[in-house]
Amino acid sequence: MSKLYTFLKYFFIVFWAVFVVAPFLWALTTSFKDFQSVNGGVTYIPWVDFEPNLEGWKVLIKSPAKGGVDIVEPYFNSLFVTCTASLISIILGTLSAYALSRYTFKAGFVKNNDITFFFISQRIMPPIVLSIPFFLFLSSINLLDSLIGLIVVYIVLLMPIAVWIMVDFFNKVPREIDETALIDGCNPYQAFLKVVLPNSIPGLIVAGMFCIIFGWIDFFFAFILTFTEVQLLPVKIVALNSSVTPWWSLSASALVSVAPLIIVAFIVERYLSKGNLSGAIK
Amino acid sequence: MAKIDLSNISHSYNPNDPNPVYALNPFSMTWENGNRYAILGPSGCGKTTMLNIVSGLVRPSAGKILFDDNDVTDLKTEERNIAQVFQFPVIYNTMTVFENLAFPLKCRDFSKAKIDERVNSVAETLNLKSFLNSPARKLTADQKQLISLGRGLVREDVAAVLMDEPLTVIDPDLKFRLRRNLKEINEQYKTTLVYVTHDQNEAMTFADNIIVMSEGEVVQTGSPKELFERPNTTFVGYFIGSPAMNLFDSEATSENAVKINNTIIKTNTNLSNLKTKNIKLGIRSEFIKIAKDQNENLVDVNVQKVEDFGNYKLITAMMDKFEIKSKVNRETEISGEKIKLHIPAEKCCIYENNKLI
C-alpha cells in the first residue's frame with residue numbers, strides 16, 4: 001500500500017514537473033531552430049535532429065534597418081514602467097491599507113469595507129471599459145505615448161491589488177502590536193514604520209509580486225496608449241509576428257520576457273517561507 | 001512612578017446613542033504610588049476598559065485621570081509614560097530580545113550606556129540574560145511574555161505597569177514563580193503594579209489591594225482579608241472564596257438576630273434600622289464548624305456529601321431547603337447524617353438588598 005502511495009506520489013510529481021517544464025524546454029529548443037527544422041517535421045534534440053543556430057536570438061537585438069526587431073529598448077521600458085508603477089502602488093497602497101485597517105472612516109453609508117471594495121471593484125470592470133476614459137484622460141494631459149502616462153495608468157491598475165492584499169494582511173496583524181508600540185513611546189507614524197511595517201514584509205512581498213506580474217504582462221493598455229515613441233515588451237513581441245510566423249524568434253522573446261518573473265519568483269519564494277507573523281502574538 | 005487618581009471616570013462605547021450602554025459606570029479611585037493592585041471580576045465587567053483608560057488607549061466618556069495631580073486625560077498614550085502588558089505576549093518579531101527590551105528607551109532617546117545598563121538589569125531579574133541576542137520570535141510563549149513584561153519594567157520612571165491577565169499563557173508552576181518575581185520587582189523598584197485577572201487566587205496572592213468589579217461597577221475595594229471576611233455585597237461574597245459564601249434568606253427577629261427557617265441566629269450586626277424585608281445572612285464555609293460545646297447559633301442539618309480535598313473536607317448539607325457548606329479539617333470525623341453545625345455570630349454578615357449592613 002505504502003509502496004503504491006510512494007509510486008503514485010512520485011509519478012504525479014514527475015508528471016507535474018514535465019507539465020510545467022516541457023513548454024519551456026520546447027520554447028528553448030525552438031528558439032535555436034530555423035525555418036527548415038520547424039516546418040519540416042518534428043525535431044527534438046539539437047545537433048541530432050537539427051543544427052542549432054542563433055538567428056532567432058539575433059533578430060531580437062538587431063535594429064529594424066538590418067531586418068531585426070530590437071526588443072532591447074522595449075524591454076527596459078517595460079522594466080522601468082513595471083518597477084516604478086509597482087513601487088509607487090505598493091507605497092500608496094500600503095499606506096491606505098494601514099489606514100483602512102486601523103482607523104474608522106465614515107461618509108454617510110460608506111464605511112471602511114465599502115472603501116476597500118471600491119478599490120477592488122476597479123479590477124472587476126472589464127479593461128475595455130476603462131480604455132476610452134484612459135485614452136481621453138492621457139490625451140488631455142499630453143501623456144499619450146509616453147512612459148509617464150503608462151506609469152500613471154499602471155498605478156491605477158496596480159494599487160487596488162496592493163490595497164486589497166495589504167488590508168487583509170494588516171487585519172491579521174494584531175492591534176496590540178500597534179498599541180504596545182504606542183505604550184512604549186512611539187508616535188503613530190513611528191509605530192507604523194518601526195514596528196508594523198517590519199512585521200509586514202511577507203505581505204509587502206506578496207503584494208509586490210502581484211503588482212510586478214500584472215504590470216509586466218499587461219498588453220492591452222500598453223497597446224492602446226502607445227504608438228511609436230514608446231513601446232513596451234508585450235506589444236513588441238506581438239509585432240514580431242508576420243506572414244511567416246517566426247517561431248524561433250517568438251520563442252526566444254517569450255523566454256526573455258518570462259525571465260524576470262522567474263527571478264522574482266525565486267527571490268520571493270525564499271522570503272515567503274521565512275519570516276511570517278505567526279509568532280508575534282500567541 | 002506616580003500616584004494615579006481616577007476621578008468620576010465613566011465610559012460608554014456608544015456615547016451618542018440616546019440610551020448609551022456604560023461599559024464602566026462612574027467611579028473614583030486612587031492608586032497610591034508603589035502599591036500592588038488587582039482588578040478582579042468576571043469576563044466583560046469592564047476591567048480591560050479601565051486599564052485602557054489609564055493607559056490612554058481609550059478616552060473616557062467622562063471624568064479625569066490624574067498622574068501625581070497632573071491631568072493626563074487628554075494626553076496620548078505615548079505621552080503618558082505607562083507600561084501595559086497584554087493577555088497574550090506581544091513582541092516585536094523582527095527584533096532580538098535585547099532590541100525588544102531596549103525599544104521603549106530608544107523611543108525616548110535614552111543614552112546607549114543607560115540603555116545597556118537598564119536592559120541588562122531587567123534581563124537579569126527576568127532570567128532572560130542568556131537570550132539577549134536571540135531573535136525574539138524564537139522564544140517560547142512564556143519567555144515572550146517575560147519580554148512584554150520586561151519592556152514595562154525597563155523604564156525606571158514609568159507611572160505604573162498595567163497587566164491585563166498577563167499569566168494566562170504561562171504554566172502553573174512558572175506562574176507562581178512569576179507572581180513572586182513581580183512582588184519582588186514591586187518591592188525593589190517601588191513600581192505601581194496593576195493586575196487585571198478573573199482568578200481570585202491570583203488576585204489574593206498578588207495584590208495588597210483588590211478592586212472587585214461587576215457589570216461595569218466597582219463593587220468593593222479592599223485588602224484580601226476584608227474582601228474575604230466582610231464582602232460588601234452578596235456578589236463579592238459569591239465571587240470571592242471557594243466555595244462561595246453561604247447565603248440564606250432570613251428575617252430579622254430582634255435587634256441583632258435573624259431567623260432562618262425556624263432557627264434563630266444571633267449576629268453582631270445592629271438590625272434596628274432595616275427598611276426592607278429582603279434580608280440575607282452570609283457566612284463563609286470556613287467559619288462554620290461542627291458544634292461541640294456551644295449552646296447557641298446551632299443549626300440541624302442533613303449531610304448530603306463529604307468531599308475530601310486533601311488538605312480539608314467540604315461538607316455539603318441541607319438545612320431544610322437551604323444548602324449549607326462547611327470547610328472542616330481533614331481529620332474531622334463526620335458521624336451520621338444528622339449533625340449540628342455552629343455559626344459564629346462574629347463572622348455573620350447581614351445583607352439588605354444584597355448590600356452589607
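Read-outs throughout are calculated quantities, based only on the coordinates presented, and are distinct from any laboratory measurement. Everything quoted here is computed from the prediction, not taken from an experiment. Here the Cβ is made from the backbone with ideal geometry for all residues, glycine too, and neighbour counts use every protein chain on show.
Among the residues of segment B:14-51, those identified as in a helix (DSSP H, G or I), in contact with a His (Cβ under 9 Å, 6 or more places away or on another chain) and not aliphatic (A, V, I, L, M) are B:K47, B:T49.
Okay, residues lined up against (1) surrounded by 10 or more Cβ atoms within 10 Å (Cβ to Cβ); (2) closer than 19 Å to A:T245 by Cβ:
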| site | (1), (2) |
| --- | --- |
| A:K3 | no, no |
| A:K9 | yes, no |
| A:W26 | yes, yes |
| A:F35 | yes, yes |
| A:G40 | yes, yes |
| A:G56 | yes, yes |
| A:L60 | yes, yes |
| A:A65 | no, no |
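For segment B:52-95, give me each residue that is touching a Gly at 6+ places or on another chain (Cβ under 9 Å), assigned to a loop (DSSP other than H, G, I, E, B) and either among the hydrophobic types (A, V, I, L, M, F, W, C) or within 15 Å of B:Y22 (Cα to Cα) (or both). Selection gives B:V72, B:L75, B:I82, B:I91. Hey, any hits in segment B:89-108 for a residue that's within 11 Å of another protein chain (Cβ to nearest Cβ) and within 25 Å of B:A203 (Cα to Cα)? Yes, there is a match, as at least one residue in segment B:89-108 is within 11 Å of another protein chain (Cβ to nearest Cβ) and within 25 Å of B:A203 (Cα to Cα). Taking segment A:222-233 as the range and being part of a helix (DSSP H, G or I) and surrounded by fewer than 20 Cβ atoms within 10 Å (Cβ to Cβ) as the test, the residues that pass are A:F223, A:I224.
Within segment B:60-88, the residues that satisfy the criterion of being surrounded by fewer than 17 Cβ atoms within 10 Å (Cβ to Cβ) and within 13 Å of chain A (Cβ to nearest Cβ) are B:L75, B:K76, B:E79. I'd like to verify a number: residues in segment A:175-190 that are in contact with a strand residue (DSSP E or B) (Cβ under 6 Å, 6 or more places away or on another chain) and either crowded, with 22+ Cβ neighbours inside 10 Å or more than 7 Å from every other protein chain (Cβ to nearest Cβ) (or both), how many? Total meeting the criteria: 2.
When A:L193 is tested against (1) within 14 Å of chain B (Cβ to nearest Cβ); (2) touching a helix residue (DSSP H, G or I) at 6+ places or on another chain (Cβ under 8 Å); (3) of a type in the set (A, V, I, L, M), just one condition goes unmet, and that condition is (2). Kindly indicate whether B:E124 is surrounded by fewer than 21 Cβ atoms within 10 Å (Cβ to Cβ) and assigned to a helix (DSSP H, G or I). Criteria met by B:E124.
Residues of segment B:157-169 that are within 14 Å of chain A (Cβ to nearest Cβ) and either crowded, with 20+ Cβ neighbours inside 10 Å or acidic (D, E) (or both): B:D157, B:V158, B:A159, B:A160, B:V161, B:L162, B:M163, B:D164, B:E165, B:P166.
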